[in-house]
Structure formats: C-alpha cells, structure tokens
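Rule-based calculations on the coordinates, nothing more; no lab input. No experiment lies behind these values; they were computed from the predicted model shown. Note that we place each Cβ from the backbone using ideal geometry, even for glycine, and neighbour counts take in every protein chain shown.
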Amino acid sequence: MGCERGAPAPAQHHAEHAAHDHHAASSPAADEKSEVPAGPRIETGMFLLSVAPAQPEYRVGKPGEVELALEGRGEWHVNQEYPIRVDLSAGPALKLEKQKLVKDDAKEFGEEKVRFVAALEPSAAGEHEVRCDVSFAMCTDENCILEKRTVTMQVEVE
C-alpha cells in the first residue's frame, strides 16, 4: 500500500529490518530528545502542526473545543494511508471527551490538510494545559517520513 501520489507508504518493520527500509524513515528531529518545551505550533519545511482554541473563551462547566491542524508544506503531503493518531492529555481541571483521535475522528482529512476538533469541559477556572502527541507520516512523490510530534496549548478558563 502506498500514497495516492505514488510514494511508498511508511512501513512498520522490526528493528532488525529498519536499516533495510529505503522507503520510510523517521525524521531525525523526531528521534532526538529535545529540552525545548512543546508549544502550540511546530513548522518545518515539510509541515505545520498546530493546536489552537476553537472558540473565543472557555467557562467552567461549559463544553468547549480545541482544534488540531496538520498541513503539508511545499512538495510534502499528509500520507492518507498511514494510521494518523493523536493522543490527548490534560490536567484534572479539563475533562477530555476522548483521549485518542484517529482518522475517522477528523473533521477534515486530505493530502494538504488534516483537522481534528477535540471536545473538553473545564471544571475549574485558571490556566490549564492540553497536550497533543501526534503520530503521522509526510510524503513526497519519492519519499515518506514518519513523524511523532507534540504540541501543547494553555486553555484560559473563566
């Protein structure tokens, strides 16, 4: 199975076979441990990954949403066949409707852009963090790169 544009799909191999996989690779940045704290936006030459408020304000006891978007840059596009996954976490004052989002949960799913909306409900006023650990693959016509990135945002609750 491969990308619709002809590039091979990123393959999942056992460690002993990884050195022989010429079609998929992990991004060097994804393999390095970084001491830079996660923020609401990561932009590279391949993609833009961001998390942002989906509404102007959040109130205690009122349902709310945050939006996560992944966009291809330049010749790079989102692999349509790789099982994209978003693992969500938040502090105890934010109740998440789901802790995991997959392709079927996406509000928009295309080669150029993928968009998820995550529902939450605040139980206390103040500033609370939402964390999104995202696994995805970006491809060109010749190559696919596996990525695992984290974006976070602060939800200000009144």
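For the stretch 81-131, the square roots of the Cα gyration tensor eigenvalues, ordered a ≥ b ≥ c, give a/c of at least 1.5 with a/b greater than b/c, which places it in the prolate category.
Subtracting the Cα-Cα distance of L96 and E57 from their residue separation scaled by 0.36 nm leaves 12.4 nm.
Within a 10 angstrom radius of the beta carbon, how do D104, D133 rank from fewest other beta carbons to most?
D104, D133
The modelled label-to-label distance for the pair E142/K103, using points 7 Å beyond Cα in the direction of Cβ, is 2.6 nm.
As a proxy for reagent exposure, ranking C132, C139 by other Cβ atoms within 10 Å from fewest up yields C132, C139.
Rounded to the nearest Hz, the phi-derived 3J(HN,Hα) couplings of the stretch 133-141 under the Karplus curve 6.51 cos²θ - 1.76 cosθ + 1.60 (θ = phi - 60°) are 9, 10, 10, 7, 10, 10, 9, 10, 5, where x marks glycine and proline. Note on the stretch 49-86 and the stretch 119-158: Cα centroid distance 7 Å, given to the nearest whole angstrom.
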